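Worksheet: one structure, shown below.
Throughout, read-outs are computed from the coordinates displayed, never taken from laboratory work. Just so you know, these numbers come straight off a predicted model, no measurement behind them. Backbone-built Cβ (ideal geometry, glycine too); neighbour counts: all protein chains shown.
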Amino acid sequence: MGYTHYFPQSRDFTSEEWRQIKDGVRKVVAYSVEQGVKLQYEYNDARKVSITDKLIRFNGPDELGHETFYVSKIMTHNSWEDKTQPAFQFCKTARKPYDLAVCLSLLRIKAVAPDAIRLSSDGDWDAEWQASRTAYKELFEEEAPTFG
């Protein structure tokens, strides 16, 4: 499938969790841009990153983007999914620069609502996630949550 992060969602986020997640992702976006990572709405749509009361959505531009990172406050299943199971969520970044913002966002979501998503990745926790874990600690002044 390629270099992908998986985050099946098992429930809706509460209003307070979503507020904290949005605040965290805004911080992640600002940090990523400071690091030289270009972010926008979609790889071929230069509108700005979307952080709303319903969703978070971003990608890298053009060849710096791959699949769009998308998280919804309300758990949303694909039409083919068993509705009694967590909603299958994933983002294939192909190790492109916006991967930093995706990883940091996922870590923040996991920290705020640990039972709402199950986080896993094709990337190795001790190697490919090391830069994101270090940046997370710097940004949020706490250790990054782990996979699971």
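Quick notes on this structure:
- For the chain, built as a Gaussian network whose Cα springs stay under 10 Å, the top-fluctuating residue of VAL33, VAL25, VAL102: VAL33
- Radius 12 Å from Cβ of GLU17, net charge of other residues (Lys, Arg +1; Asp, Glu -1): +2
- Per-residue ³J(HN,Hα) for the range 54-67, Karplus 6.51 cos²θ - 1.76 cosθ + 1.60, θ = phi - 60°, Hz, x for Gly and Pro: 10, 7, 10, 8, 7, 7, x, x, 6, 6, 8, x, 8, 8
- Cα→Cβ-extended label distance, 7 Å offset, between ALA94 and LYS38, nm: 1.5
- Linear extension gain, GLU143 paired with SER10, 0.36 nm per residue minus alpha-carbon span: 45.5 nm
- Every Cα-Cα pair in the range 4-140 was counted, and those over 24 Å apart are 24% of them.
- Distance between the C-alpha centres of the range 42-92 and the range 106-148: 18 Å, rounded to the whole angstrom.
- Kirkwood's formula applied to the C-alpha pairs of the range 70-148 gives a hydrodynamic radius of 13.6 angstrom.
- Just checking the listed ones, ILE51, ILE117, ILE74: in the Gaussian network model of the chain with Cα springs under 10 Å, the one fluctuating most is ILE74.
- Count of lysine pairs in the range 4-140 with Cα separation under 14 Å (8 or more residues apart, or interchain): 9
- In terms of other Cβ atoms within 10 Å, SER72, SER32 run from fewest to most in the order SER72, SER32.
- Placing +1 on each Lys and Arg Cβ and -1 on each Asp and Glu Cβ, with no other charges, gives the range 4-140 a dipole about its Cα centre of roughly 380 debye.
- Under the combined filter of DSSP loop state and at most 16 neighbouring Cβ atoms within 10 Å, the range 72-140 retains these GluC sites (Glu not before Pro): GLU81, GLU128.
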